[in-house]
């Protein structure tokens with residue numbers, strides 16, 4: 001054996017950010033898979049900027065959407081109700097842009113869910129199937145009183 005042949009390949013250390021991103025992507029994928037299983041027609045919205053190139057030279061980035069705060073997954077529940085799902089892994093929090101979007105979506109009749117794991121979505125689907133999707137309330141706010149208190153402080 002020649003010198004250096006017994007060495008193991010060197011692996012790049014993974015950052016905790018990339019591990020968190022992988023976990024968040026896994027949650028979104030599991031959410032979409034569960035919604036497909038329940039025949040709810042999920043759609044994944046990716047709101048990441050897209051590189052803009054001219055003749056192969058990067059000239060900047062542009063957003064695919066003109067509004068910030070769009071939830072990760074949209075689905076249509078039986079009966080036609082729009083269900084918007086924001087997936088938050090670990091200590092992820094809802095941003096102010098997301099709060100604004102979710103408020104607008106709720107006032108238009110959408111059901112808004114913020115989930116940290118697939119079990120939370122399973123519980124909401126189970127409840128929607130039992131009591132009807134129109135009867136479900138959005139789960140992203142703890143309470144209207146807490147929300148009012150937050151706005152008074154800011």
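The values are calculated or read from the model by the stated rules, or taken from the named source; none is laboratory data. Treat the numbers as computed from the prediction; the structure is a model and nothing was measured. No Cβ is skipped: glycine too gets one built from the backbone with ideal geometry, and neighbour counts run over all protein chains shown.
Filtering the stretch 104-117 to residues that are out of contact with any strand residue (DSSP E or B) (no Cβ under 9 Å at 6 or more places or on another chain) and buried (at least 16 other Cβ atoms within 10 Å of the Cβ) leaves nothing. Pull up the stretch 42-77, narrow it to residues that are over 21 Å from residue 94 (Cβ atoms) and surrounded by 13 or more Cβ atoms within 10 Å (Cβ to Cβ), then point me to the one that is nearest to the chain's Cα centre (by Cα). This residue is 76.
For the stretch 56-91, filtering for residues that are free of Cβ contacts under 8 Å to residues at least 24 places away in the same chain and not in a loop (DSSP other than H, G, I, E, B) leaves 6.
Pairs meeting the criteria (first residue in the stretch 26-39 and free of Cβ contacts under 8 Å to residues at least 40 places away in the same chain and at negative phi, second residue surrounded by 14 or more Cβ atoms within 10 Å (Cβ to Cβ) and part of a loop (DSSP other than H, G, I, E, B), beta carbons under 7 Å, at least 6 apart or on different chains) are 36/42. Any idea which residue in the stretch 21-55 is nearest to residue 78 (Cα to Cα), counting only those that are in a helix (DSSP H, G or I) and either modelled with pLDDT under 80 or in contact with a helix residue (DSSP H, G or I) (Cβ under 9 Å, 6 or more places away or on another chain) (or both)? In this case the residue turns out to be 35. Within the stretch 122-132, can you find the residues that are touching a helix residue (DSSP H, G or I) at 6+ places or on another chain (Cβ under 9 Å) and in contact (Cβ under 8 Å) with a residue 40 or more places away in the chain? Within the stretch 122-132, 122, 125, 128 meet the criteria.
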